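Here's the structure we're looking at; comments come further down.
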Amino acid sequence: MAERSQTAPEAGNDMGNDDAIGGNVSKYIVLPTGYCGQPKKGHLIFDACFESGNLGRVDQVSEFEYDLFIRPDTCNPRFRVWFNFTVENVKELQRVIFNIVNFSKTKSLYRDGMAPMVKSTSRPKWQRLPPKNVYYYRCPDHRKNYVMSFAFCFDREEDIYQFAYCYPYTYTRFQHYLDSLQKRNMDYFFREQLGQSVQQRQLDLLTITSPDNLREGAEQKVVFITGRVHPGETPSSFVCQGIIDFLISQHPIARVLREHLVFKIAPMLNPDGVYLGNYRCSLMGFDLNRHWLDPSPWAHPTLHGVKQLIVQMYNDPKTSLEFYIDIHAHSTMMNGFMYGNIFEDEERFQRQAIFPKLLCQNAEDFSYSSTSFNRDAVKAGTGRRFLGGLLDHTSYCYTLEVSFYSYIIGGTTAAVPYTEEAYMKLGRNVARTFLDYYRLNPLVEKVAIPMPRLRNEEMEAQRKKEKPPPYKHPLLRGPASNHPNGKGDKRRSVNHKDPSNPF
């Protein structure tokens, strides 16, 4: 790589030092030193002034090499991880080296084979760069920060190329997705605006359940799911969409779940941060997942709205808030896994392990061995920790993490890179796991295979022949009081059939 000049940048490249980056580059043309005249093919044009874009500065090191600086989160210079930018005006077969030079984290999956995403106008499907072209190292030229360098060859002159840290999932895409669902007029899908962000973007709340469960006075078992509190953790949105897509489907398991549970989903808690291309913070520079203790209605309005709703449901004697799951993405670990809470009550602690263990059986990319339970002081303001302390012993709160990069299937050592579809598949498996948790498997067969009508005497004879199905999971044995599925006398025990492969 070329030696970097220690002098001030040339005119045209003068965008200040690393600490002064305040916005995204906008159609920024990089001209060779001393060049005058109109840009020619091969004089690259960088842009990040679009939704979820992030690139704060470009320095040309040589004819072939460029230092790229991530724009810090708005109002918070600590976080510099997410990047998303375009390059155009390329020459065919032009080869370059791009160095992302100001990551705020030292540990990274780039050490383990992760590579940036790329697409172009003629090839709109995102794909990962070959890992052999990606290097992650400590660079003495950049205050000994870690640098991620990748080599790339532009092969089509008319294309605009886009590079990103991970698969983008924008606020606009999310709104279009919800609009398309709403147009289907499903009587078990409800969308409402729970509030607005500081910049007046919608905080959407989805309710997925049978209409009978919403009748006045009906008792409800609620599963509450949130996502994208950290805006750069885009896999969260794909997992969340997988959950939603499955729950609204006509799959027999989905139909049974809608009959027995009420799913409340707030898929995008930080719409401003998502729109702006931040990695961790809101517009005003707050890490919202550290403000659950006392969210401000003006500084953290989306968090404030969700917390108010959860507390309201908790205080409703007809509502049993059974699960809270907050979906994130992890920048240093493989697979999907969960964080849970620690309780003094050993029985409650053991019951809390049931859902992750069941999910591990249903999802090949979920690792129970990576799942951990803690009460670290630095996590005190998170949704999992705060709600785990607020809610009673019938409720379980988890953070669901999924790798930005890959998963390793048990018994192998090869990393399988995640795709958009693989993230959504994990979401579908999360939804299906509630069937096992609530022992609803016998009901799926009745939905999937309609039983012929029987006369009364035949029905009585059939009932006498039926025996309770065997248990599959040892942890689920015992009386209903040992298995959390409601509050007080609202609980119902449903037999759990051994599903050799219910899916």
Charge tally in the Cβ shell below 13 Å around Glu157, where Lys, Arg are +1 and Asp, Glu are -1, Glu157 excluded: -1
Among the listed pairs Lys41/Lys119; Lys307/Lys425; Lys307/Lys379; Lys379/Lys425, those beyond 22 Å (Cα-Cα): Lys307/Lys425; Lys379/Lys425
Area accessible to solvent at Trp82, 1.4 Å probe radius, in Å²: 10 Å²
Long-range HN-HN contacts of Gly113 with modeled amide H, under 5 Å: none
Accessible heavy-atom area order of Tyr167, Tyr146, highest first, probe of 1.4 Å: Tyr146, Tyr167
The range 299-356: C-alpha gyration tensor shape, a/c 1.5 cut-off, then a/b vs b/c: oblate
Per-residue SASA entry for Lys107, accessible area with 1.4 Å probe, Å² rounded to 10: 130 Å²
Accessible area (Å², per residue) of the range 10-154, counting only protein heavy atoms and a probe of 1.4 Å: 47 Å²
Accessible area (Å², 1.4 Å probe, nearest 10) - Thr399: 10 Å²
Span from the the range 220-270 Cα centroid across to the the range 143-209 one, whole angstrom: 16 Å
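Under the rule a/c < 1.5 gives rounded, and otherwise a/b versus b/c splits prolate from oblate, where does the range 86-223 land using the Cα gyration tensor?
Prolate, because a/c is 1.5 or more and a/b exceeds b/c.
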Val61, Val198, Val306, ranked by accessible area, largest first (probe 1.4 Å): Val198, Val61, Val306
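Where Rh denotes the Kirkwood radius from the mean inverse Cα pair distance, what is Rg over Rh for the range 302-403?
On the Cα set of the range 302-403, Rg over Rh gives 0.97.
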Global form of the range 13-170, assessed from the alpha-carbon gyration tensor, a/c cut-off 1.5: rounded
J(HN,Hα) series, the range 91-99, from Karplus relation 6.51 cos²θ - 1.76 cosθ + 1.60, nearest Hz, glycine and proline x: 9, 4, 6, 6, 9, 9, 10, 9, 10
Formal net charge of residues neighbouring Trp126 (Cβ-Cβ distance under 11 Å; K, R +1; D, E -1): +3
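With all protein chains present and a 1.4 Å probe, how do Lys40, Lys183, Lys221 order by accessible area, largest first?
In descending accessible area the options line up as Lys183, Lys40, Lys221.
The values are calculated or read from the model by the stated rules, or taken from the named source; none is laboratory data. These numbers come from a predicted model, not from an experiment. Cβ coordinates were reconstructed from backbone atoms using ideal geometry, including for glycine residues, and neighbour counts include every protein chain displayed. The area values use the complete protein model at the heavy-atom level, side chains included, leaving out ligands, DNA and RNA. Shrake-Rupley method; radii C 1.70, N 1.55, O 1.52, S 1.80 Å.
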